[in-house]
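Data block below; observations after.
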Amino acid sequence: MSTPYDLPTDLSKVKKFEWDDKYDFPRDLVGYGENSFNPQWPNGAKIAVSFVINYEEGAEHTVLNGDLHSETHLWEAPGGSPKIQERAVNIESEYDYGSRTGVWRLLRLFNKHNYKYTLYAVGKALEDNPAVGISSVKNGHDVASHAYRWIDYANMSPEKEKAYIKKEIETIQKICGSPPKGWYYGRLSSRSQALVWEVYKEMGIELLWDSDSYADDLPYWVDVPAEKDEPNPKGMLMVPYSYDCNDYKFNVPTGFGSPTHFYDHVKNAFDTLYEEGEEGSPKMMTIALHCRCIGKPGRFMALKRIVEYIASKQDVWVATRTQIAEHFREKFPYEKGCLAPGVKRAEAPKMQMAWPAHLDVPES
């Protein structure tokens, strides 16, 4: 069966993967296990709900930002080939809708219900429309980092990526009054998590959480490779994100076919996790939003119904990602080699270098 994407015609010229002790975090396929883990949410909440608004508009691929090509991702007619050294005016205006109209529709809803969200703020987007960040801070919301540009970092040099990370931190600090306490890339490189940790350390700023993980329904600690020889490692707290309850799926072929599908899916996820909380195993849930997507009138009512449904339930903690991280860090401080204090991470040394299917399995 052929692959659904293009690969180089001569694979012999592709450099073989090599594990990097500085950048590569090991995988963990075991997690908290059969009995899960009780995060002890405040006031005995059965579930913690994190609303996230991705603010990307103006920071996407466009020749106006000095890029080689235009954006093709996450708009009403995704796909197709990018325009090379040419503007895609229709896509630009689609993104403009999010920053001109959609974002304010979302912010009004959350402010009305006094539900605190986390703004995944792309630095360039905030520079173009700083009022979004200023309003979020003024109303007590959480402004986190979504990188300085909403582009793919996979092939960027470590030096250039570090410069972008530093610029993002400085941009949010300048506009919002303080540096971001948490980070989410989305279009990250294999080095990104280690580089973010490195830049924060160099700048003397505490990184409370990272969300470039989709691996769990609970926060968990990871060991930072660069700290392996340090006497007092700090670790990195992962607050997992979601491509599941995420409105971006309106813009992909296998995603939501209607606002009703979005509502049903998110409600089902909430009900499942809420029931687990009632049974003594509370979880966290992320509901991910984009201003140019769920901010459209035809979809917005589904979000409004979700907010109202959650508001009708008892023992729900609607919290920012920073609030969730602060709670977890206080209750369950970092212990090297553990997901949470006393919960050892699974050790799977062979996960670092898998073996090709046509070779014999290495001996234990």
Quick one: what does P(r) look like for region 131-174 with 5 Å bins over all Cα pairs, in whole %? 5, 20, 26, 20, 13, 8, 7, 1
Length gain on complete extension for the stretch residue 331 to residue 163, per 0.36 nm per residue less the alpha carbon to alpha carbon distance? 57.1 nm
Once you have the Cα-Cα distance between residue 244 and residue 276, take 0.36 nm times their residue separation minus that, and quote the gain in nm to one decimal. 9.7 nm
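Please go through region 67-137 and write out the GluC sites (Glu not before Pro) that DSSP classes as loop and that have at most 16 other C-beta atoms within 10 Å. Present the calculation step by step, with values, prior to reporting the outcome.
Details: sites: 71, 76, 86, 92, 94, 127; in loops: 71, 76, 86.
Sparse-neighbourhood loop GluC sites (Glu not before Pro): 76, 86.
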Beta bridges per DSSP with both ends in the chain, % antiparallel, nearest 5: 20 percent
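Suppose every Lys and Arg Cβ carries +1 and every Asp and Glu Cβ carries -1, with no other charges. What dipole size does the chain come out with about its Cα centre, to the nearest 20 debye?
Details: 43 positive and 53 negative charges, 224 e Å.
Dipole magnitude for the chain comes out near 1080 debye.
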Among 280, 80, 186, which one shows the highest mean-square fluctuation when the chain is modelled as a Gaussian network with alpha-carbon springs under 10 Å? 80
Built amide H within the under 5 Å cut-off of residue 215, gap 5+: 241
Where the centroid of each part is defined by its Cα atoms, how far is region 108-162 from region 188-253 in Å? 16 Å
Work out from phi, with θ = phi - 60° and the Karplus expression 6.51 cos²θ - 1.76 cosθ + 1.60, the ³J(HN,Hα) of each residue of region 222-237, listed in order in whole Hz, and give x for Gly and Pro. 10, 7, 8, x, 5, 9, 4, 9, 7, x, 10, x, 9, x, 9, 8
Rel. contact order, % - alpha carbon contacts under 8 angstrom, at least six apart, region 132-278: 17 percent
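Calculate the translational D of region 254-329 in whole µm² s⁻¹ from Stokes-Einstein, where the hydrodynamic radius comes from the Kirkwood formula applied to all Cα pairs, the temperature is 25 °C and the viscosity 0.890 mPa s.
Working: Rh = 13.8 Å.
Estimated via Stokes-Einstein, D reaches 178 µm²/s.
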Using only alpha carbon pairs under 8 Å that are at least six residues apart, calculate the relative contact order of the chain and give it in whole percent. 26 percent
Give a quick list of trypsin sites (Lys or Arg not before Pro) in region 48-152 that DSSP marks as loop, anything other than H, G, I, E or B, with at most 14 other Cβ atoms within 10 Å. 87
Would you work out the relative contact order for region 1-123, in percent, from Cα pairs under 8 angstrom that are 6 or more residues apart? 25 percent
Specify which residue in the list 340, 144, 273 is farthest towards the positive end of the charge dipole of the chain, using unit charges on the beta carbon of Lys, Arg (+1) and Asp, Glu (-1), about the Cα centre. 144
Across region 29-41, in residue order, what do the Karplus-derived ³J(HN,Hα) couplings come to in whole Hz, using 6.51 cos²θ - 1.76 cosθ + 1.60 with θ = phi - 60° and x for Gly and Pro? 9, 9, x, 6, x, 4, 8, 6, 7, 8, x, 6, 4
Between residue 84 and residue 205, take the C-beta separation as r, use R0 = 30 Å, and let me know the FRET efficiency to the nearest 0.05. 0.20
Using the alpha carbons of the chain, what is the convex hull volume per residue in cubic angstrom, as a whole number? 171 Å³
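Got a number for carbon plus sulfur as a percent of region 97-212's accessible area, 1.4 Å probe?
On the way: 2170 of 4590 Å².
Carbon plus sulfur share of accessible area: 47 percent.
The values are calculated or read from the model by the stated rules, or taken from the named source; none is laboratory data. Treat the numbers as computed from the prediction; the structure is a model and nothing was measured. Cβ: placed from backbone, ideal geometry, glycine included. Neighbour counts: every protein chain shown. What goes into the accessible areas is simple: the full protein's heavy atoms, side chains included, and nothing from ligands, DNA or RNA. Shrake-Rupley method; radii C 1.70, N 1.55, O 1.52, S 1.80 Å.
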